[in-house]
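The values are calculated or read from the model by the stated rules, or taken from the named source; none is laboratory data. No experiment lies behind these values; they were computed from the predicted model shown. Note that we place each Cβ from the backbone using ideal geometry, even for glycine, and neighbour counts take in every protein chain shown. Please note that ligands, DNA and RNA were not included when accessible areas were found on the heavy atoms of the full protein model with its side chains. Shrake-Rupley method; radii C 1.70, N 1.55, O 1.52, S 1.80 Å.
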Amino acid sequence: MSRPKISLIGGGQIGGNLALLAAQKELGDVVIFDIPKAEGMVKGKALDLMQLRPHDGYDADITGTSDWNDVKDSDVFIITAGIPRKPGMDREDLLGINLSIMKDVASNIKEQAPNSFVIVISNPLDAMVYAFYKVSGFSKNKVVGMAGALDSGRFRAFIAMETGLSVQDVTCMVLGGHGDTMVPITRLATVGGVPVTSLISAERLAEIEKRTRFAGGEIVKLFGNGSAFYAPAQSAIEMAESYLRDKKRVIPCASLCEGEFGIDGYFIGVPTVIGSDGVEKILEFELTDHEKTELNNTLEVVKKTVKETGL
Ligand code: APR
């Protein structure tokens, strides 16, 4: 039995970390694809990772390429192709350039691996995953965006930092678009099953929610050039692993809603079951009036960006 083939489209900051994590988890063989100008860079990263294997003992093959033929018949694609934010930029400011890249990527993936499972990371996420879906014509269970996993992870990290309790025991979810209007569902956040609302004051929780919403921007500002890459890579790897190992994990993902939460025809962050059929189910639950209003606000932002794609 051959190993699954995982192709990473874009071998920059996130792409390089995706390759490392995919190999270390032995998810399969990894192909790092980038534009011809960056071919040496991805070939170099692949070789470096091949030479890390003796220390870790993983048997995956890692290769770098700028030839689309090399990603043929991949089982999974993770797309980070595009440019990241600079300080002062919203994710929406990336739309023009990243949209043309996504159109090119989608048609090539459609040609090389029409049955693959595709995870989109490029920003503005909700519009990029929509663009991939429209251009590729893939079925909705085979296309998903990575955002909620990261946003929820950030929320979890901040709650653990605030309480001094293990991050492992913090559960919470963030729904909606991958932007400043995202919706942390604080009411359902717990530490080891104990509601955070009984551990942290309402005032501090409001601050933590705000920090979560702007967590990506906080890092962009610190870097001065480029955006976060460790946590985004790990978040997408969790999604890929759930697909490849049929784990049926419940992860907030940008999935295509067709009536769920009253949303129709848009990819937006909702609790999603990922298994061997890809996006297997969206888990709906009753929202409070306040959460409904917030979800509507974030939906309006997503709709506006999607409209700008012209797709
Ligand atoms: N095909 C393949 N790769 C491409 C293409 C293309 N058409 N166009 C650009 N790339 C590559 C770049 O050459 C670069 O190596 O995508 C890579 C992006 O890497 P980085 O600039 O390091 O950006 P990164 O931090 O990895 O973020 C990538 O994810 O989170 C989002 O906002 C972020 O949109 C950005 C994306």
**Asked** Name the residues in segment 159-174 that are open to solvent by less than 60 Å² (accessible area, probe 1.4 Å) and in a loop (DSSP other than H, G, I, E, B), would you?
**Response** S166, C172, M173
**Asked** If R245 passes every condition in (1) over 17 Å from I14 (Cα atoms); (2) modelled with pLDDT under 95 but one, which one does it miss?
**Response** (2)
**Asked** Among the numbered criteria (1) charged (D, E, K, R); (2) open to solvent by less than 60 Å² (accessible area, probe 1.4 Å); (3) more than 21 Å from R156 (Cβ to Cβ), which single criterion is violated by K221?
**Response** (2)
**Prompt:** So which residues in segment 62-75 are of a type in the set (V, I, T) and assigned to a helix (DSSP H, G or I), if there are any at all?
**Reply:** V71
**Request:** Enumerate the strands (runs of 3 or more DSSP E) found wholly within segment 218-307, keeping only those where 1 or more residues are over 26 Å from S7 (Cβ atoms) and touching a residue at least 60 places away in the same chain (Cβ under 8 Å).
**Result:** 249-258, 264-275
**Message:** Given the condition open to solvent by 60 Å² or more (accessible area, probe 1.4 Å) and not in a loop (DSSP other than H, G, I, E, B), answer yes or no: does some residue in segment 131-152 qualify?
**Reply:** yes
**Item:** Subset of segment 266-287 (residues that are touching a strand residue (DSSP E or B) at 6+ places or on another chain (Cβ under 7 Å), over 18 Å from P184 (Cβ atoms) and surrounded by fewer than 17 Cβ atoms within 10 Å (Cβ to Cβ))
**Value:** E280, K281
**Subset of segment 33-50 (residues that are within 11 Å of the ligand (Cβ to nearest atom) and open to solvent by less than 20 Å² (accessible area, probe 1.4 Å))** = F33, A38, V42
**Asked** Name the pairs whose Cβ atoms lie under 7 Å apart, with the first residue in segment 90-113 and touching a residue at least 40 places away in the same chain (Cβ under 8 Å), the second part of a helix (DSSP H, G or I) and open to solvent by 70 Å² or more (accessible area, probe 1.4 Å), and 6 or more positions between them or separate chains?
**Response** L95/E308
**Request:** Take the residues in segment 76-122 that are of a type in the set (A, V, I, L, M), outside any helix (DSSP H, G or I) and surrounded by fewer than 22 Cβ atoms within 10 Å (Cβ to Cβ), then tell me which one is farthest from the ligand (Cβ to nearest atom).
**Result:** A113
**Prompt:** Just checking, how many residues over segment 1-44 are in a loop (DSSP other than H, G, I, E, B) and either on the phi > 0 side of the Ramachandran plot or among the aliphatic types (A, V, I, L, M) (or both)?
**Reply:** 6
**Prompt:** So which residues in segment 175-194 are in contact with a Lys or Arg (Cβ under 8 Å, 6 or more places away or on another chain) and either among the hydroxyl-bearing types (S, T, Y) or not in a loop (DSSP other than H, G, I, E, B) (or both), if there are any at all?
**Reply:** T181, P184
